[in-house]
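Notes follow the structure.
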Amino acid sequence: MPRATAVINLDIPGPTISRHLYGHFAEHLGRCIYGGFWVGEDSSVPNEGGIRLDVVEALRALDIPNLRWPGGCFADEYHWRDGIGPREDRPRMVNTHWGNVEEDNSFGTHEFMALCELLGTEPYISGNVGSGTVREMSEWVEYLTRDGDSPMVRLRKANGRDEPWRVKYWGIGNETWGCGGNMRAEYSADLARQYATYCRDHGDNKLYRIASGASDADYEWTQTLMQQISCFGCDATPKNFFQGISVHHYTLAGPWEAKGSALDFDRDDYYRTMVAAQRTDEILTGHARVMDVYDPGRTVGLVLDEWGTWWDVEPGTNPGFLFQQNTLRDALVASLHFDIFHKHAARLHMANIAQTVNVLQAMILTDPDTEALVLTPTYHVFEMNKGHQDATSLAVHLRGENTERSVDGTELATVSASASVKDGSFLVSVTNLDADEAAELVIDLRGGTIGEPQARLLTAGRLQDHNTPQAQAAVAPREFDGLKVADGGLALTVPPHSFVTIQAPVL
Ligand code: AHR
């Protein structure tokens, strides 16, 4: 049986795990906004001002820290002025990226901000660089955040909102190397400086500007951006143009042309998926290394604002809608990512799973016919792990026997863990990726003691198990009673393909 020991020093605090590592993403794509978050005021689905209340209630339980909107690729053809004012007067457009469907702009700026208020989350707005203008983006910032009197303030007030909103997170373009304009890194970096210049801080609303960054392991892109981060020599006290730079990395079981099915996969596909997920660690390390050269004080954040699994769409659904099922495999991809994120907490300021409802690795799936709502296995990982948000990370030193497996020549560590402490409460998360074998784990706690622990387990009989309207809790957390309090620590047998969280007061 695989065996591992995890040494955790309770008295050696690491960096804070920003709550924004648990961020979300909602694009005008398929049924994420329309049918997912938004049903319109006349819907028979209970709603507030058109926003689905069952979705809001489910997400409130996750304490989601921020929501990125309106894209993705859609952001670079979105013109915000089309989405304000009386809905019946709003112009229509074609969503050319996603299914070539008509977008009626009924969900716009005011609706998004109302959604954030209902969710209790911070907005992260992604501005249009690909087909927009500097003026358009500058005026959107003014419309949202300026107080007093100005042309955009008057327009906002005419649309029914007197007070400015607070918006901190602002994306300057999306995937400018691809759907956001097919630019070269040098050109994109120059544009990021230009747009950032005119995205003003109005009053005390201080923007955190996120420049469109690299795809996967494109470290040269990051280097080009970091070289342009501030204007040395043009100012006595150089100030960064942007406060964060993004990177996108998705988890696939194979190449883009053969991503594979969300449900119909075998053990080999499963392990290949986990190797791809594990690669996130290497990618974040690579970008952080480049950033350290230009910003050793770590003032600029790395923002992984798109991550998650990407499978073939479910048979019979619109290929442009990216609707996929979500199994225990997806949940373990998520738990592995969070261990990686916690490890990178000093540089990684934000991460956003793609996407929250009905698209890619979603938390929630809604049935288009019955409107039934299903919480996915991934949802449960976010819920079980929420105690790590804004907690102090604790390094986990793992050593194991038989906890490595070779997958197509790459070593995969099958036991993964991360830990933190917040408000006197210790939380450790453990993932056993082995498809077949349980792992014996000793958690050796040093530098402090804990009180009565409570543990929860997320697993299922099969890797392919998932939730449906008919079987809502096929994959759901339950109490885990296999925990023994040993001298100076904890001992447990972690079932195969499972995720366990243990919480205990620090004495
Ligand atoms: O999340 C789906 C798409 O993936 C986004 O629109 C784009 O940014 C990325 O390529």
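The values are calculated or read from the model by the stated rules, or taken from the named source; none is laboratory data. What you see is a predicted model, and the numbers here were worked out from it, not measured in a lab. Using ideal geometry, Cβ is built from the backbone for each residue, glycine included, and neighbour counts are taken over all protein chains shown. Ligands, DNA and RNA are excluded from the accessible area calculation, which covers all protein heavy atoms including side chains. Shrake-Rupley method; radii C 1.70, N 1.55, O 1.52, S 1.80 Å.
Here are a few things to note about the model shown:
- FRET efficiency for the pair Glu452 and Ser406, taken as 1/(1 + (r/R0)^6) with r the Cβ-Cβ distance and R0 = 41 Å, rounds to 0.55.
- Segment Val134-Glu437, length gained on full extension (0.36 nm per residue, minus Cα span): 103.5 nm
- Rounded to the nearest 10 degrees, the inclination of helix 109-119 to the longest alpha-carbon principal axis of the chain is 30 degrees.
- Over all directions, the projected convex hull of the C-alpha atoms in the chain averages 23.8 nm² in area.
- Cα-centred dipole magnitude for the chain, charges only on beta-carbon of K, R (+1) and D, E (-1), debye, nearest 20: 1160 debye
- In a DSSP loop and with at most 14 other Cβ atoms within 10 Å, the trypsin sites (Lys or Arg not before Pro) in region 226-298 are Lys239, Arg298.
- Solvent-accessible ranking of Arg135, Arg3, Arg19, Arg329, largest area first, probe 1.4 Å: Arg135, Arg3, Arg19, Arg329
- Computed extension length for Asp487-Thr468: 2.6 nm, one decimal, from 0.36 nm per residue of separation with the Cα-Cα distance subtracted.
- With a Förster radius of 35 Å applied to the C-beta separation of Ala372 and Val293, the computed FRET efficiency comes to 0.10.
- The accessible area of His466, taken with all protein chains in place and a 1.4 Å probe, comes to roughly 50 Å².
- Accessible surface, per residue, of region 76-195 when the full set of protein chains is kept, probe 1.4 Å, Å²: 42 Å²
- In the context of the full set of protein chains, region 369-507 has a per residue accessible area of 44 Å² (1.4 Å probe).
- Modelled label reach - Met1, point 7 Å along Cα→Cβ, region 425-467 residues with backbone N closer than 16 Å: 432-443
- Peptides 299-306, 100-107, 68-75 ranked from most to least packed, by the mean per-residue count of other Cβ atoms within 10 Å: 68-75, 299-306, 100-107.
- Among the protein heavy atoms of the chain, carbon and sulfur supply 48% of the accessible surface, probe 1.4 Å, non-protein parts ignored.
- Antiparallel DSSP beta bridges within the chain, percent to nearest 5: 60 percent
- Peptides 143-151, 447-455, 176-184 ordered by packing proxy, namely the average of other Cβ atoms within 10 Å per residue, highest first: 176-184, 143-151, 447-455.
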